[in-house]
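Below is one structure, written out as structure tokens, with a few remarks after it.
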Amino acid sequence: MSIVDDELFLQEMADVQPIAVTPRVTLRKGNLATANAAARQRAASADVPAATDGNPLATREIDRVGPHDVVGYKRPGIQDGVFRKLRLGKYETEARLDLHKRTVEQARNDVYRFIQECIEHDIRCVLMLPGKGDRNVKDPALLKSYLVYWLTELDDVHAFHTAQPHHGGSGAFYVLLRKSDRKKQLARERYSKGRL
């Protein structure tokens, strides 16, 4: 650049104001020991999320499953034929939730919100994809393990099973949700016709 170019540039930029930037982190001086104690206390209370956000799903230490484990669960009262049909992927999945690349806390919120929305919209069978977690050498199958734990904790989940290979295999689950009151009433009306 020449001196003329520099002068023209300075003339053009004379009335430019810098953009106000707010810092992303507020730095405060304080006692490190007090800050560490407060952080430990917050972490300890993080295992009781229901009191703060209504989400009963916990993020405490849980029993782990392997990346390629086949997992199934059904609540008492679920018929064997219904569970077999779920296990074989015979029910149409009406919604899906992909949890790949989510943190445990993000997945916790997504799972709870997803199940609530499915119940509100009368969705009965869904596909949930936590992934196998076999690429995470340090902590394999982390999200898969948490999902197994969370699904057994939710009353709205009646059964779940590892998906068939064409739906994601050991990195996905078919989940059968409870019928809404409206669907129960429709089923009663449909099957009671002609019995009176």
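A few comments on the model shown:
- Whole-percent pair-distance distribution, where bins are 5 Å wide, for the alpha carbons of segment 68-186: 2, 12, 23, 25, 21, 10, 5, 2, 0, 0
- Segment 68-186: relative contact order as a whole-number percent, Cα under 8 Å and 6+ apart: 35 percent
- Stretchable slack from Tyr91 to Gln106, in nm (0.36 nm times residue separation minus alpha-carbon distance): 2.6 nm
- Table column - 3J(HN,Hα) (Hz), segment 104-110, Karplus curve with 6.51, -1.76, 1.60, x for Gly and Pro: 4, 5, 5, 5, 4, 5, 5
- Residues Tyr174, Tyr191, Tyr146 arranged by fewest to most Cβ contacts within 10 Å: Tyr191, Tyr146, Tyr174
- By DSSP, the beta bridges lying fully in segment 68-186 are antiparallel in about 75 percent of cases.
- Take each peptide in 109-120, 179-190, 77-88, 131-142, count the other Cβ atoms within 10 Å of every residue, and average; sorted highest first, the result is 109-120, 131-142, 77-88, 179-190.
- Arranged from fewest to most other beta-carbon atoms within 10 Å of their beta carbon, Ile123, Ile19 become Ile19, Ile123.
- Scaling the Cα radius of gyration of segment 62-127 by the globular reference 2.2 N^0.38 Å produces a ratio of 1.27.
- Nearest-0.05 FRET efficiency for Lys138 and Ile78, computed from C-beta distance (R0 30 Å): 0.25
- Listed pairs Lys85/Lys144; Lys85/Lys183; Lys74/Lys138; Lys144/Lys184 exceeding 27 Å between Cα atoms: Lys74/Lys138; Lys144/Lys184
Just so you know, all these numbers are worked out from the coordinates, no wet-lab data involved. In this text the structure is predicted, and so the values were computed from the model without any measurement. When we count neighbours, we look across all protein chains shown, and the Cβ atoms used for this are built from the backbone with ideal geometry, even at glycine.
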